[in-house]
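Values quoted throughout were computed directly from the atomic coordinates according to the rules given, and no laboratory measurement underlies them. Predicted model, so just to flag it, every value in this text is computed and none were measured. Positions of Cβ are generated from backbone atoms using ideal geometry, with glycine treated the same way; all protein chains shown enter the neighbour counts.
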Amino acid sequence: MALKVISAGFGRTGTMSLKLALDQLGFGPCYHMDEVLKNGQAFVPLWNDVVDGKPDWETVYAGYHSAVDWPTAAYWKELADYYPDAKMILSSRSAESWYDSISQTILAVAQAPEKWPPPAVPWMTMVMKILKRSLGEAWDRESLIAVFNAHEAAVKAAFPKERLLVHSAKDGWAPLCAHLGVPVPETPYPRTNNREEFFELMKGADDM
């Protein structure tokens, strides 16, 4: 099953809202880090193979029609080449607001390994590899804002305008639906996974 939509945007750029939007528009199931969290025993080994340079994309994304968030965003170039007919999206926000969000959520968890529940250690170990691939080793504000801006510039430069949509959650349905060639729903664009909801999702790590 080929992916029809791939988002290159980093986590904390509205990726959960985008996942729900793609599901609603008929491009689901949509792959998000939350899927790895829910299916860690099956999915973590697949991503460890990817990190080790042995990707099996057909198995990784079996049953999915779209993919957003990390780990996908760490391999956007490879996936865009592997699925040449997939529409690309860059979920985006200001670099400063992204840093403020990720530093209080994903990085707060990643930088406190002593607090990882034992069942989640294999998952978090894989996540750390993915984060370092995307973000590098220096996670201070200045370094990460520079990485974020460079990433967005690289994605924008990689695709023709007809293949790539740069999308913020505040843009809502209209540009997304135009990009994908589907009608605009009458319901509001999804808004979810604020910082409180992020930590609620993270509680699933206790049950891996």
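Past 20 Å, Cα to Cα: identify those pairs from Lys4/Lys161; Lys19/Lys87; Lys19/Lys132; Lys54/Lys156; Lys87/Lys161, in the order given. The partial results should precede the final answer.
On the way: Lys4/Lys161 17 Å; Lys19/Lys87 14 Å; Lys19/Lys132 23 Å; Lys54/Lys156 27 Å; Lys87/Lys161 11 Å.
Exceeds cut-off: Lys19/Lys132; Lys54/Lys156.
Given that just one value was derived from the coordinates, which of (i) 0.96; (ii) 1.06; (iii) 0.93 is Rg/Rh (Cα atoms, Kirkwood Rh)?
(iii)
For the chain, with the dipole built from +1 on Lys and Arg beta-carbon atoms and -1 on Asp and Glu ones, taken about the Cα centre, which of Trp98, Phe27, Phe159 lies farthest toward the positive end?
Positive-most Cα among the choices belongs to Phe159.
Sum up the charges of everything whose Cβ sits under 15 Å from the Cβ of Leu46, counting Lys and Arg as +1 and Asp and Glu as -1, but leave Leu46 out. Each step should come with its number before you reach the end.
Details: positive: Lys38, Lys54, Lys129; negative: Glu35, Asp49, Asp52, Asp56, Glu58, Glu78.
It works out to a net charge of -3.
Mind pulling the angle between the C-alpha long axis of helix 141-158 and the longest principal axis of the chain? Nearest 10 degrees, somewhere in 0 to 90.
Once rounded, one gets 40 degrees.
So for the chain: antiparallel DSSP bridges make up what percent, rounded to the nearest 5?
Rounded to the nearest five, the antiparallel share is 0 percent.
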